[in-house]
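A quick write-up on the structure given underneath.
Every number here is computed from the coordinates shown, using simple stated rules; none is lab data. These figures come from a predicted structure and were not determined experimentally. Here Cβ is always computed from backbone atoms with ideal geometry, including for glycine, and neighbour counts include all displayed protein chains.
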Amino acid sequence: MMERELIKKAQAGHNPALNQLLLDNYSILMGYLVKLTLNKELSEDLTQETLLRAVTKIRDYRPEGKFSTWLIAIAKNLYIDDLRKNKKLRNYQEYDSLENTPSREKIPSLEDRVLSGIAFDKMKECLSALSAEKRSVFILKHYYGYSYKEIAAIEQCPLGTVRSRLHNSIEEIRKVMEQEGLDEF
């Protein structure tokens, strides 16, 4: 069934259609959050909270873009809220425990395809050097293939800001790679 049809049915109260929409987009959402937060447990919590919000707000969704874009926008906002709430307790750059990062075996099969040939720990090192805003833009563009316009909608910022963040994130990743001798991607 096409995504638009599922959305219409879900908005009309058809629970199996809503379940299918959420299942179809779960790995994208979880993969995005793992890369953004660099913390498996936090990613799982944010994924569940995002799905709950999607269930309660499905009637408010306007199918102007992909359903996954809407879910990622919700997740991004929840993550920012979490950072604000816990600012004194933790900083997003402190999500550095390797045991909180999924091993390659635990990453969903979609993630295995996306990350093929890349050691997650090396990529984690590069991504952790970025601010949350730059990391998010980089992940959305290079891991999920969102357009600049879609990323601007998710990030709720101008198109120029998206381009600037992406450019700066690539430069920062290059610097980390050079410093650490991480020349294999």
Notebook entry, point to check: How about residue 175: which lysines have a C-alpha closer than 25 Å to its C-alpha, ignoring those fewer than 8 places off in the same chain?
Noted result: 35, 122, 124, 134, 141
Next item on the list: Among 157, 126, rank each residue by its count of other Cβ atoms within 10 Å, from fewest to most, as a rough exposure measure.
Entry: 157, 126
Next item on the list: Just report the Cα centroid separation between region 133-185 and region 19-46, whole Å.
Entry: 19
Next item on the list: Determine, from the Cβ-Cβ distance of residue 180 and residue 148 and an R0 of 30 Å, the FRET efficiency 1/(1 + (r/R0)^6), rounded to the nearest 0.05.
Entry: 0.55
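Under the rule a/c < 1.5 gives rounded, and otherwise a/b versus b/c splits prolate from oblate, where does region 5-83 land using the Cα gyration tensor?
The shape class here is prolate.
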Check: What order do you get for 56, 47, 161, 37 when you list them from fewest to most C-beta neighbours inside 10 Å?
Finding: 56, 161, 47, 37
